[in-house]
Structures are given as C-alpha cells and as structure tokens.
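Here's a structure for you.
The values are calculated or read from the model by the stated rules, or taken from the named source; none is laboratory data. Bear in mind the structure is a predicted one, so any value in this text is a computation, not a measurement. Here the Cβ positions follow ideal geometry from the backbone for every residue, glycine too, while neighbour counts run over all protein chains shown.
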Amino acid sequence: MLNDILIINKAHEKAAKTIFDKVMEERKEKYIITITGEVGVGKCEVSHVLGKLLKNEGVMVKIIHMDDYYKIPPGMRTEWRKKHGIRRVGYEEYNWTLINRNLEDFRSNRESELPSVDLMNDQVDKILTNFAQIDLLIINGLYSIKIDSADLKVFIDLTYKDTFDEQKATGKELMDAFRLKVLQREHQVIQTLKSEADFYVDFDENYESLHF
Amino acid sequence: MLGDVLLITEKHENAAKVILPVILERKVSKMLIAISGESGSGKTELAHVLAKMLRKESIIAKPLHIDNYYRIHPLLRTEWRKKNGIDKSVGFTEYDWDTISKNLDDFRNNRVSTMPCIDLVTEQVDQLTTDFKGVDMLIVDGLYAIKTDGIHIRIFIELTYHETKKAQVVRGKEPQNEYRMQVLEREHQVVQSLRSMADIFVNMEYQVVIPSTKGSRL
C-alpha cells in the first residue's frame, strides 16, 4: 500500500514485541506470519513494528497487505457491494489466485509482481520485488488467517464497535449507514475465523492483556 | 516509499492550508509541485497533506518521493560515500536524473510508468508501475526536488537538520553517528544553495511565506 498513515502507539509496540519473541523462537526458512483482526484494530501498525524488530535482528522481512488483493478496486467496491448484496462481503472478495501465486514466488525465491493500492488516488499500482533475499513474510488483512500454509497465525482482538472509532480516526473510508453494514458483516465473518488462529493478542479496554 | 511512517501534525496541515489556494490559483494541466528541505523537515508529510487537500478539490495529486532515485543502493551508499569522500559524493549527482526525467515525461504524457520504490523495511529497491493517466498533479518531494526541470511551484522548507535532529532520532530512519552528521552537514550546504530557486518558503516556525514577484508592480 502506498500513502497509508500509521499511528503507532504503545499497545501496538507491546503486541509486536510479544509476537517477535515467539517468532524468534520458532522461525525457520521462508517463514510466513499472518495477522488478522477487524478493521481499525492495528494490523498494519503491529506489522510495521514487528517488521522493524525483525530487521534489527538481520531478518529480511516483507510486509504484504491483503487490502491490496481485492478483485474489485477501491473506487468501484461500494457500488459492487450494493449491487451484489452484503452477503458477498467476505474473503471471496480477495484475488486468491494472485495471493497464492505471490506466496509461491516467495517460497521459490523468485521475482514477483504484487498489487499495491495507492490510497491517494485509489489506483492499483504494481510492485516488482525480488523474494530471493526475503526470509520472512508478514501478511496482514481481515482474512489473512485463511492462508492455510502460514506458519504462525496471529489474531488481534477488539470488537467492531471499538474499531468504529478507530475507523473514524484513520478516515480511510467514508463512514455512513452502508459502511456500518459492511463492518458488521466483516465482523461476523472474522469472528467465524477466529478459532483458526494459533496466537491471540487482546487489547482489552480495562487492561491490556497479551496472551497465547 | 514503502513502509514509511509519517508523523503528520497540525503544523503540516496549517502550512498546506495556506499553500493550497496558491496552487489552485496557478493551476495548470499536468502541474508539477516540488518540495525541498533537509532531512526531517517534513517534506513528505507536507506533500501528503497537500495531496489529500487537493483530492477534496477533485484534483488527483500523486506524491513522488525522489529520495527513491538515488543511483547507489541504500545499503551500499555509506561505503560509496566514504570511499569517494563526503564532500565530493553527497549532492545532486547522487540522484538518477535520467530516470526522474523519464518518469516526469511519462506523467506529462499520461503513460504507464515504472519507477524505483524503496522498501524501508527491507531497504530493497522494488520497481513500482503506475498509470499516470488520470493523475492531474505530481508533488515531488526530496532534498533537491526543486532543482528538477519543469516545476511550476517550488516550495522550500527552511528547517535545518539541527532543528530536526530530535525528529530524526524519534523516527529511527537512519542511524545517528559521526559519519551521518557529516553527511547531514554536506546535504545541508547543498540544500541551502537551492534557496533562491524557491517560490514559496516554509519558515522556521513552519509558517508559509510567499515573496511578492519582483517587478510585478510599479
């Protein structure tokens, strides 16, 4: 993603450090971490901090954003969803063929073409990168947990009502009645996937708890 | 740049608010705006905020970071500079001006364009392909951005690396040491030499100063 604004706080740093410790224990060649959670929960922020921590240990990390892999580009997505109905909102909206191809490129140390949404103009650009030097992938996204072959599946937990405020703060999407319906639907889908995680990070409102 | 963390604050927004009407007033097709300033002065932040405000005016503006266009790869640059001497190597010639010109030409001609894009997490140089059709303006930010040919509005941020030292450390973008300080000093000299090219200044207090054009009135 290009032109994204990240506001990194202590909770993101703590979460990233906890995941980092686990990864340093367990990692092997061509390791894949997925970070899942609701909209606005801090997936990008945690990925970013985690990436930097690993880089300091000499691990070459690439961060992949599943938001770049929607079949329907951002400018047309709301219209598409209104036309096809709210039940079509979910992991089927991703271009899984492309995701799997890029994962294969990573494992095979190849050059790879990745999509990259420019948030400034909602255009989908392409990034050509070389996976030969990359040891580890951090894949973040609403439904990244659906990547079965991931080595570590992390779930960051907050209810969608908490993330509603986060959404408004980041201002990535216009907030209206339809957007709220979409968030509700995405929340339902994510909750059904939660049990597939290996590792849970919990930002409880009363106290921050991080646990496996 | 991939993985760049911008710290956008009120001062960037306030400066952009003053600059925006000037851009709208002088608007031309396929407009090029450039922002120069030393490391940590807020070039990228200002470019970002301006692009967002322009979008609200239905103008599609894309930021272009020409700090992506160094000839020498980030991981090899320190060695190169030490070998050739900081005074000789640090400066305009570090940019790949041929590729910059080509990409700007692609922009003017509504073409699909490929450009370098540094991933700040890996420090790898990836290649970004984008379609300039439908992009109305480019906001070019970088140390020496206002030196680029064909710029319509040149913005110069006056903060020097002394003032921004704290911000540099907080961002953690580059390691702070003796060598880095020498580079910053040399970059400072080169950037300051571009002052006279500027149309708009952002002063030490981050206020916008627009000098009236010479000889415009009797």
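What tally of residues in segment B:45-95 results from selecting those that are part of a loop (DSSP other than H, G, I, E, B), in contact with a Phe, Trp or Tyr (Cβ under 6 Å, 6 or more places away or on another chain) and either at pLDDT below 90 or surrounded by fewer than 17 Cβ atoms within 10 Å (Cβ to Cβ) (or both)?
Summing the residues that are part of a loop (DSSP other than H, G, I, E, B), in contact with a Phe, Trp or Tyr (Cβ under 6 Å, 6 or more places away or on another chain) and either at pLDDT below 90 or surrounded by fewer than 17 Cβ atoms within 10 Å (Cβ to Cβ) (or both) in segment B:45-95 gives 1.
Quick check on my filter: what residues within segment A:125-137 are facing chain B (nearest Cβ under 9 Å) and assigned to a strand (DSSP E or B)?
A:ASP125, A:LYS126, A:ILE127, A:LEU128, A:THR129, A:ASN130, listed by residue number.
Something else about it: With the condition kept exactly as written, say whether any residue in segment A:12-21 is within 14 Å of chain B (Cβ to nearest Cβ), touching a residue at least 12 places away in the same chain (Cβ under 8 Å), assigned to a helix (DSSP H, G or I) and of a type in the set (D, E, K, R).
Checked segment A:12-21: at least one residue is within 14 Å of chain B (Cβ to nearest Cβ), touching a residue at least 12 places away in the same chain (Cβ under 8 Å), assigned to a helix (DSSP H, G or I) and of a type in the set (D, E, K, R).
For segment A:35-63, which positions are within 11 Å of chain B (Cβ to nearest Cβ), over 17 Å from A:ILE7 (Cβ atoms) and buried (at least 24 other Cβ atoms within 10 Å of the Cβ)?
Result: A:LEU54, A:VAL61, A:LYS62.
What residue, of A:ILE63, A:ILE35, is within 21 Å of A:THR129 (Cα to Cα), in a strand (DSSP E or B) and not basic (Lys, Arg)?
So the residue among A:ILE63, A:ILE35 that is within 21 Å of A:THR129 (Cα to Cα), in a strand (DSSP E or B) and not basic (Lys, Arg) is A:ILE63.
While we're looking at this one, here's another question. Would you check if there is a residue in segment B:149-161 being more than 30 Å from B:LEU24 (Cα to Cα), buried (at least 20 other Cβ atoms within 10 Å of the Cβ) and either modelled with pLDDT under 90 or away from every other protein chain (no Cβ under 14 Å) (or both)?
To start, the set of residues in segment B:149-161 that are more than 30 Å from B:LEU24 (Cα to Cα) comprises B:161.
Narrowing further to those that are buried (at least 20 other Cβ atoms within 10 Å of the Cβ): B:161.
Filter once more, keeping what is either modelled with pLDDT under 90 or away from every other protein chain (no Cβ under 14 Å) (or both): B:161.
Checked segment B:149-161: at least one residue is more than 30 Å from B:LEU24 (Cα to Cα), buried (at least 20 other Cβ atoms within 10 Å of the Cβ) and either modelled with pLDDT under 90 or away from every other protein chain (no Cβ under 14 Å) (or both).
Conditions tested, residue by residue: (1) farther than 27 Å from B:MET115 by Cβ; (2) surrounded by fewer than 17 Cβ atoms within 10 Å (Cβ to Cβ).
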{"residue": "A:TYR69", "(1), (2)": "no, no"}
{"residue": "A:GLY75", "(1), (2)": "no, yes"}
{"residue": "A:THR78", "(1), (2)": "yes, yes"}
{"residue": "A:GLY85", "(1), (2)": "yes, yes"}
{"residue": "A:VAL89", "(1), (2)": "yes, no"}
{"residue": "A:TRP96", "(1), (2)": "yes, yes"}
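In segment A:68-78, what residues are under 19 Å from A:THR129 (Cα atoms) and within 14 Å of chain B (Cβ to nearest Cβ)?
A:ASP68
Further question: If the requirement is being crowded, with 17+ Cβ neighbours inside 10 Å, touching a residue at least 60 places away in the same chain (Cβ under 8 Å), within 11 Å of B:TYR69 (Cα to Cα) and more than 7 Å from every other protein chain (Cβ to nearest Cβ), which of these qualifies: B:ILE118, B:ILE146, B:ILE100, B:ILE139?
Testing whether each residue is crowded, with 17+ Cβ neighbours inside 10 Å, touching a residue at least 60 places away in the same chain (Cβ under 8 Å), within 11 Å of B:TYR69 (Cα to Cα) and more than 7 Å from every other protein chain (Cβ to nearest Cβ) leaves just B:ILE118.
While we're on this one: Please go through (1) buried (at least 21 other Cβ atoms within 10 Å of the Cβ); (2) farther than 25 Å from B:ASP131 by Cβ for A:LEU114 and return the number of the only condition it doesn't satisfy.
(2)
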